[in-house]
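We did not get these values from a lab; they are worked out from the coordinates using the rules stated. Given the structure is predicted, the values throughout are model-derived calculations rather than measurements. With ideal geometry, Cβ positions are generated from the backbone for all residues, glycine too; neighbour counts draw on all protein chains shown.
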Amino acid sequence: MAKFKLLFFFILLFAGCINLSAQIDTIQDKPYVVMLSMDGFRWDYPEKANTPNLDSIEKIGVRADACIPCFPTKTFPNHYSIATGLYPDNHGIIFNQFFASDLSKKYTVSNRVSVRDSSFYFGEPIWVTAEKQGVKSASYFWVGSEAAHKNIFPTYNYAYDGSVSFEKRVEDVINLLKLPEKERPQLIMWYIQEPDGIGHNAGPNGQETLNMITYLDSLVGIFNKKINELPFHKNINVIITSDHGMGEINKEKTLYLDKIIDTSWIQYIDGANPVYSIEAKDEFYDTLYKKLTHTDQIKAWKKEDVPERLHFGKNQRVKDFIVVADSSWSLLISSDKSAYSGGAHGYDNRNKDMHAIFYAYGPAFKRNHKHKAINNIDIYPLICKILEIKPAKVDGKIEKTSHMVK
Ligand code: AMP
Ligand code: ZN
Ligand code: ZN
């Protein structure tokens, strides 16, 4: 009898071990994606400044020649394109500030009420795709996550507060990854508002900008080290990218709209240096178009004539005309408005200075792999693939990044 009891005990123990090891296996196999955007981190900043930590990712992972932003190359349209895999025309955040004629409401990044108003946002951000499929997510200041989408928020969500130190953000992100496995987000999107701010002031070649690049690189180094110290670090995929680059400007190359046209012809204007969308008063539609298209150093199109490659103008929020200054030129509404002194973005996305960085490492990615430039809308399908979730229908294409993954 005692023998049988002992045998029974061993059988139970064996079964328990199998079960436990199966559980450990699924835990260990769970993929993670942690994506950082550093605002305005131009594709070639690592060639201009000392960036040993980003450079080391080239060896252990992937570096794409660039991450090409959508037009207009501004912060909100592009962070939301990364999140949704959609062109701004299709996700609705067409500028950092715009009047939505479909809602008769104005969207402004500095107005929390509008930023949290879900009626402005179309498409499905990746944290919603994940949450809907039982994958926990976190957004630490990512554009668009303060608004509910289909009544869904990331499980962990931080309302934007630019005053939180970058070191604290690193710590908080790592703490999210230290949560017990059941509570831990598998997708984390986090954001740092530099080097955009300094790039606007000091320009993309300014010493202060280059110092900021090196400081941000050291932050990446601290982050990578902390990721490596996590017991499940072998399951974590890290992506480091940005919304756009930065072009050098100077005061001498500045145009003023009120010197080109009579601003009383304008019904409404969206945008900021160097790109605008203008609604003409009906009787001045032709005059306005003629003036805008006959001015050097700017390009102007009727919304229906915007080149196809820019994928912009079909959304009803886009006004009659799109106007954008040529590279290195500033376009201000009036001479009362002051421009940034050193750098600007918003230009045509064919301008290489508008391109951003893209680095990635982790189990899903090839090692020591140089990849050609990708479009930022291709990041959404890439993350879906890594997290093994079904993507929504988007503009981005999984084939565009298939060579960087194993
Ligand atoms: P811009 O250079 O005008 O395209 O926008 C960059 C600025 O957007 C940064 O300096 C941030 O302060 C701001 N920003 C970024 N994300 C958010 C957010 N989620 N809510 C409010 N402001 C933000
Ligand atoms: Zn930006
Ligand atoms: Zn900016």
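Per-residue HN-Hα couplings for region 278-285, Karplus 6.51 cos²θ - 1.76 cosθ + 1.60 at θ = phi - 60°, whole Hz, x for Gly and Pro?
10, 9, 8, 5, 3, 6, 10, 3
Could you state the angle between the C-alpha long axis of helix 2-29 and the longest principal axis of the C-alpha atoms of the chain, as a value from 0 to 90 degrees rounded to the nearest 10?
Compared with the principal axis, the helix lies near 10 degrees.
Karplus couplings for region 178-189 from phi (6.51 cos²θ - 1.76 cosθ + 1.60, θ = phi - 60°), rounded to Hz, Gly and Pro as x?
Ordered by residue, 3J(HN,Hα) equals 8, 5, x, 3, 5, 9, 6, x, 8, 10, 10, 10 Hz.
Would you grab the residues whose amide H sits under 5 Å from the one on Gln97? Only those 5+ places off in sequence or on another chain, please, with H modelled 1.01 Å from N.
Under 5 Å from the amide H of Gln97: Gly271.
Specify whether the C-alpha gyration tensor of the chain places it in the rounded, prolate or oblate class, a ≥ b ≥ c being the square roots of the eigenvalues: rounded for a/c under 1.5, otherwise prolate if a/b is larger than b/c and oblate if not.
prolate
Using a/c under 1.5 as the rounded threshold, could you call region 251-340 rounded, prolate or oblate? The axes a ≥ b ≥ c are square roots of the C-alpha gyration tensor eigenvalues, and prolate needs a/b larger than b/c, oblate otherwise.
oblate
Please report, in debye to the nearest 20, how large the charge dipole of the chain is about its Cα centre when each Lys and Arg carries +1 at its beta carbon and each Asp and Glu carries -1 there.
Dipole about the Cα centre, nearest 20: 1540 debye.
Region 147-170 to region 57-73: how many Å between their Cα centroids?
Cα centroid to Cα centroid, the span is 24 Å.
Taking amide H positions as placed in the peptide plane 1.01 Å from N, state which residues far from Asn375 in sequence (5 or more) or on other chains have amide H under 5 Å from it.
Residues meeting the amide H criterion: Ile68.
With unit charges on the beta carbons (Lys and Arg positive, Asp and Glu negative) and the dipole taken about the Cα centre of the chain, which residue among Ile357, Asn201, Pro307 sits farthest to the positive side?
Looking along the dipole axis, the top candidate is Ile357.
Return one number: the angle in degrees, 0 to 90 and rounded to the nearest 10, between the long axis of the Cα atoms of helix 207-229 and the longest principal axis of the Cα atoms of the chain.
Tilt relative to the chain: about 20 degrees.
Between rounded, prolate and oblate, where does region 352-398 land on the alpha carbon gyration tensor, with a ≥ b ≥ c its root eigenvalues, rounded for a/c under 1.5, else prolate if a/b exceeds b/c?
oblate
Using θ = phi - 60° and the Karplus relation 6.51 cos²θ - 1.76 cosθ + 1.60, list the HN-Hα couplings for region 251-259 in order, rounded to whole Hz, with x at every Gly or Pro.
4, 5, 9, 10, 10, 10, 4, 6, 9
Using only the alpha-carbon atoms, how far is helix 166-177 inclined from the longest principal axis of the chain? Give it as 0 to 90 degrees, nearest 10.
Roughly 40 degrees between the two axes.
Restricting to the chain, compute how many DSSP beta bridges are antiparallel as a %, nearest 5.
Bridges in the chain that DSSP calls antiparallel: roughly 55 percent.
Taking H placed 1.01 Å from N in the peptide plane, check which residues at least 5 places from Leu331 or on another chain put their amide H under 5 Å from its amide H.
Leu255
With +1 on each Lys and Arg Cβ and -1 on each Asp and Glu Cβ, and nothing else charged, work out how big the dipole of region 251-340 is about its Cα centre, in Debye to the nearest 20.
240 debye
Go from 0 up to the bin containing the longest alpha carbon distance in region 70-217, width 5 Å each, and give me the % of pairs per bin.
Per 5 Å bin, starting at 0, the Cα pair percentages come out as 2, 9, 17, 19, 19, 16, 11, 5, 2, 0.
Projecting each Cα onto the charge dipole of the chain (Lys/Arg +1, Asp/Glu -1 at the beta carbon, about the Cα centre), which of Pro72, Trp265, Thr287 comes out farthest on the positive side?
Working it through, the farthest residue towards the positive pole turns out to be Pro72.
Using alpha-carbon pairs under 8 Å, 6+ residues apart, how would you state the relative contact order of the chain in percent?
Relative contact order here is 30 percent.
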